[in-house]
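The values are calculated or read from the model by the stated rules, or taken from the named source; none is laboratory data. The structure presented is a predicted model; accordingly, all values stated were derived computationally and were not measured. Here the Cβ positions follow ideal geometry from the backbone for every residue, glycine too, while neighbour counts run over all protein chains shown. Areas reflect the complete protein model, heavy atoms only, side chains present, ligands, DNA and RNA absent. Shrake-Rupley method; radii C 1.70, N 1.55, O 1.52, S 1.80 Å.
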Amino acid sequence: MDFKDLPDEELWLQMQDDLYDGLKDEVVEETKEALARGYSPTEVLAKGLVAGMDIVGVDFRDGVLFVPEVLMAANAMKAGMEILRPLLTQTGAPRIGTMVIGTVKGDIHDIGKNLVSMMMEGAGFEVINLGVNNDADKFVAAVKEHNADILGMSALLTTTMPYMKVVIQALKDEGLRDKVFVMVGGAPVSEAFAEEIEADAYGRDAATAVDIAKRYMAWKNAQRAAT
Amino acid sequence: MTTTPTTERRARRERDARRRQRGFTFVDAIKPLVNTLPLTEVLSPEGVDKIHRASMRLLKEIGVLIVDYPRAAETFRRHGAIVEERSDGQLVKIDEDTLLHFVRQAPASFVQRARNPAKDVPIGGRHTVFAPVYGPPFVLDLDRGRRQATIEDFRNFVRLTYMSEHLHHDGGTLCEPNDVDVKERHLDMLLAHITLSDKAFMGSVTHKENARDTVMMAEIVFGAEAIRERPAVLSLINASSPLRFDDRMFGALEVYAQAKQALLITPFLIAGAMSPVSMAATLAQQNAEALFGICYAQMLNPGTPCIYGSFLANIDLKSGAPCFGTPEGNLALYAGAQMARHYNLPYRSGGNFTASRIPDAQAGYESASTFVTTVQAGVNFVLHAAGWLEGGLIAGYEKFVLDLEMCGMMAKFVQGIGLDEEDFAWDAYAEVGPGSHFLGSQHTMRHYETAFYQHGVFNMDNYEKWESEGAEDAYKRANAVWKRMLQEYQPPVLDEGVKEALLEFAEKRRAEIRAGRLARE
């Protein structure tokens, strides 16, 4: 295996390149190799996986990569994360974040939501994907159960959009509203609608949703460190 | 896992090349369209016959006027036409049998040589070839507005054409280089075509001597015998409609026919002015004029490749301005194709036509309307496929780039729908099933790069992203694209000896022209 002979600096680059190319098996092996060389899970995550996905993100945004290629890269990232996640928990590293995501009641259009879900996993998040047609109880229960940092809701139909507000009200009723960051998205959703229903953020597309989630987690981890 | 013995990293898959290639890509070969679709026809076989008979009657009873070129009239007389002397020229009346006897000698298809053999262009049959705009005295770009075209603009459009994978042919007078003396500008245009590009090009027709210079330069590049085997020059001979040809056009035609170079015989019809307001009469007149020119070329040199040309718009009867992308013009475009096929001749018509002055919504609608018609009619040679504005008065830099998008989309369109086992994607259904999505299926992974047309300048971003990146419309985006294309331009290889011989010839001719002498006389 050629990467075993690579100096450390080149190993990071190789991981990033293989991630970009969606080479899942290679990324897994390289993750193990980096850990074996004595790097901490946090370092492996930052220098290999996250640095690689950042490049993918830029080229996705700029229209260089095709969606199927981004999915392959995200799958490779997810596979690497599966090795790192238990170790990260043990070492008490800053949380990357947990997200509960689903399509609201009445709406079974989930391709956009699934894209967001995969991109979030690609950025290292743990994602609990509730699928389609979820009522408020289901969202609330999942947020509680997984101690979610972020709740993502999507709708494609203008007729199902208003249900997002119902879910937010249910979070308030359960005293969870201040503990979870609520993001909304979907073709008919807008910044103005997000404000109107008192969501925390609107993600206009998958890449933006990931950016917002990462920024929120950075802020949350900083808050936690300060207290 | 790869097991290369070296310790070198595997390079990231073509990231740099792919980032560079955004927008339109340079490809060092051309792929003219092969139209696999049923063609759209608007005339019944009886309709075709009616137009044919009307045009034969026009040629026999009304006749075609030849101005200032009696030797052409003499050629027609020698072959059996009736010639009447008039104060303004000779009126030639020709019967159907004589005319068709000669028209039938033109080949149904031919291949035009390009300097790069990978860019030779097949003309005729199911092929469609795209060439850029021809003839505008003005250019327009977003930064400098409309202005008189210069030789540098001309060179820029040659460079852009060379860089465009969606254009198969260099065209000819991409814009009129007003800053070069009219008597010698053909030399500069030909030098630009030959040195800055390696695609097939068009010859000069503005004077018989210019046609001779074109042939001689083609002989320097390709060899005298080679160009007589297969033409290296295609030249646009316009009828000075209605029913009239002059010495400039017939003089150039004669020179090219004698050297067996390809000709594009095109009546210039703005219905309502150069032909009656009815499409039947206009089509009959177009047929008569085109066949008359083709007949003359065959009388001079049987077998000379000729394209049946059509430039047919209609006048705005309120202002007198020409209209483009009109229902009448599009109907005539389809009908003209049927007439050309009736005589087994390659057909030229259409383009990305518009009357609009800038690449605005009107330009977009009119261009798309004519261009889709052009392709569905089965046009073989499409002049004005990129850059056309203001009824042909302007070569637009941004319009050129936007039109490339249409050219690219049509190239995919004519391929039709694949119906092989793989096209039905059974393995994808097995993998994905109902619900879920196909974005990551193996079938998608096998085909995603070529499954759908990839846009070069049109933008699919959502409103918020588009707004946050400057809210640029297509006009603005196209501005960045042509600038990048010019920046990345690298001239094609040209043999130093050939280049020297060309420059030497051009300088010699320039000196002769300046001294007021004509070549070889």
Self-check item: Net charge of neighbours whose Cβ lies under 12 Å from the Cβ of residue A:117, counting Lys and Arg as +1 and Asp and Glu as -1
Solution: -1
Quiz prompt | Residue-normalised accessible area of segment B:102-412, given per residue in Å² at a 1.4 Å probe | solution = 27 Å²
Practice problem: Filter the trypsin sites (Lys or Arg not before Pro) in segment B:292-400 down to the DSSP loop ones having no more than 14 other Cβ atoms within 10 Å, then list what survives. | Solution: B:318
Exercise. Partner chain Cβ atoms within 10 Å, averaged over the residues of B:426-439 - can you pull that number for me?
Key: 2
Quiz item: Roughly how much of residue B:417 is accessible, in Å² to the nearest 10, using a 1.4 Å probe?
Solution: 150 Å²
Self-check item: Phi to ³J(HN,Hα) by Karplus 6.51 cos²θ - 1.76 cosθ + 1.60 over segment B:128-139, Hz, x for Gly, Pro
Solution: 10, 10, 9, 10, x, 3, 10, x, x, x, 10, 10
Quiz item: What dipole magnitude, in Debye to the nearest 20, does the protein assembly as shown give about its Cα centre under +1 on Lys/Arg Cβ and -1 on Asp/Glu Cβ?
Solution: 1600 debye
Practice problem: Compute the relative contact order of segment B:102-412 as a whole-number percentage, counting only Cα pairs closer than 8 Å that sit 6 or more residues apart in sequence. | Solution: 22 percent
Quiz item: For segment B:102-412, what does the alpha-carbon gyration tensor say about shape, rounded, prolate or oblate, given a ≥ b ≥ c as the root eigenvalues, a/c under 1.5 as rounded, and a/b over b/c as prolate?
Solution: rounded
Quiz item: Quick one: which of B:31/B:412; A:4/A:47; A:165/B:465; A:4/A:24 span more than 20 angstrom between C-alpha atoms?
Solution: A:165/B:465
Exercise. List the trypsin sites (Lys or Arg not before Pro) within segment A:5-70 that fall in a DSSP loop (any state other than H, G, I, E or B) and whose Cβ has at most 13 other Cβ atoms within 10 Å.
Key: A:37
Practice problem: Report the relative contact order of chain A, percent, no decimals, based on alpha-carbon pairs under 8 angstrom and at least 6 residues apart. | Solution: 17 percent
Self-check item: Length-normalised contact order for chain B - Cα pairs under 8 Å, 6+ apart - percent
Solution: 18 percent
Quiz item: Which ³J(HN,Hα) values in Hz, rounded to whole numbers, follow from the phi angles of segment B:501-514 under the Karplus curve 6.51 cos²θ - 1.76 cosθ + 1.60, where θ = phi - 60° and Gly and Pro get x?
Solution: 4, 5, 5, 4, 4, 4, 5, 4, 5, 4, 5, 5, 4, 5
Exercise. Please give the average number of partner chain Cβ atoms lying within 10 Å of the Cβ of each residue in A:59-71, rounded to a whole number.
Key: 5
Self-check item: On Cα atoms only, tilt of A:163-173 relative to the major axis of chain A in degrees
Solution: 90 degrees
Quiz item: Accessible area lost on pairing A with B, both sides, 1.4 Å probe, Å² to nearest 100?
Solution: 3100 Å²
Exercise. For residue B:311, enumerate residues with amide H under 5 Å from its amide H, sequence gap 5+ or separate chain, H modeled in the peptide plane.
Key: B:269
Quiz item: What's the average, rounded to a whole number, of partner chain beta-carbon atoms within 10 Å of each residue's beta-carbon in A:111-123?
Solution: 1
Practice problem: List the residues of segment A:11-35 that lose 20 Å² or more of accessible area once all protein chains are present, compared with their chain alone (1.4 Å probe, heavy atoms only, no ligands or nucleic acids). | Solution: A:13, A:14, A:17, A:20, A:21, A:26
Quiz item: Which Cα, out of B:251, B:459, B:338, lies furthest along the positive dipole direction of chain B (beta carbon charges, K/R +1, D/E -1)?
Solution: B:251
Quiz item: In units of 2.2 N^0.38 Å, what is the alpha-carbon radius of gyration of segment B:388-493?
Solution: 1.48
Quiz item: Per the helix-only calculation at 222 nm, which mean residue ellipticity applies to the protein assembly as shown, given -39500 (n - 2.57) for every DSSP H run of n ≥ 4 and division by its residues, nearest 500 deg cm²/dmol?
Solution: -14500 deg cm²/dmol
Quiz item: What shape does the protein assembly as shown have by the C-alpha gyration tensor, where a ≥ b ≥ c are the square roots of the eigenvalues, rounded means a/c under 1.5, and otherwise prolate means a/b greater than b/c and oblate the rest?
Solution: prolate
Self-check item: Degrees between helix A:67-91 axis and first principal axis of chain A (Cα, 0 to 90, nearest 10)
Solution: 80 degrees
Self-check item: Spatially proximal aspartates and glutamates relative to residue B:93 (Cα-Cα < 20 Å; intrachain offsets below 8 disregarded)
Solution: B:61, B:68, B:74, B:84, B:85, B:246, B:247, B:254, B:289
Practice problem: Would you please name the GluC sites (Glu not before Pro) within segment A:143-199 that are DSSP coil residues with at most 16 other C-beta atoms within 10 Å of their C-beta? | Solution: A:174, A:198
Quiz item: For segment A:129-227, what is the accessible area per residue in Å², given a 1.4 Å probe and the full set of protein chains?
Solution: 50 Å²
Exercise. In whole angstrom, note down how far apart the Cα centers of segment B:467-496 and segment B:125-167 are.
Key: 13 Å
Quiz item: By per-residue mean of other Cβ atoms within 10 Å, what is the highest-first order of B:484-496, A:66-78, B:89-101?
Solution: A:66-78, B:89-101, B:484-496
Quiz item: Roughly how many Å² of residue B:331 are accessible to a 1.4 Å probe, to the nearest 10?
Solution: 90 Å²
Exercise. Using a/c under 1.5 as the rounded threshold, could you call segment B:54-95 rounded, prolate or oblate? The axes a ≥ b ≥ c are square roots of the C-alpha gyration tensor eigenvalues, and prolate needs a/b larger than b/c, oblate otherwise.
Key: oblate
Self-check item: Bridge type composition, the protein assembly as shown - antiparallel percent by DSSP, nearest 5
Solution: 35 percent
Exercise. With the convex hull built on the Cα atoms of segment B:272-426, state its orientation-averaged projected area in nm².
Key: 12.0 nm²
Quiz item: Round to a whole number: what % of the accessible area of the protein assembly as shown belongs to carbon and sulfur, probe 1.4 Å?
Solution: 53 percent
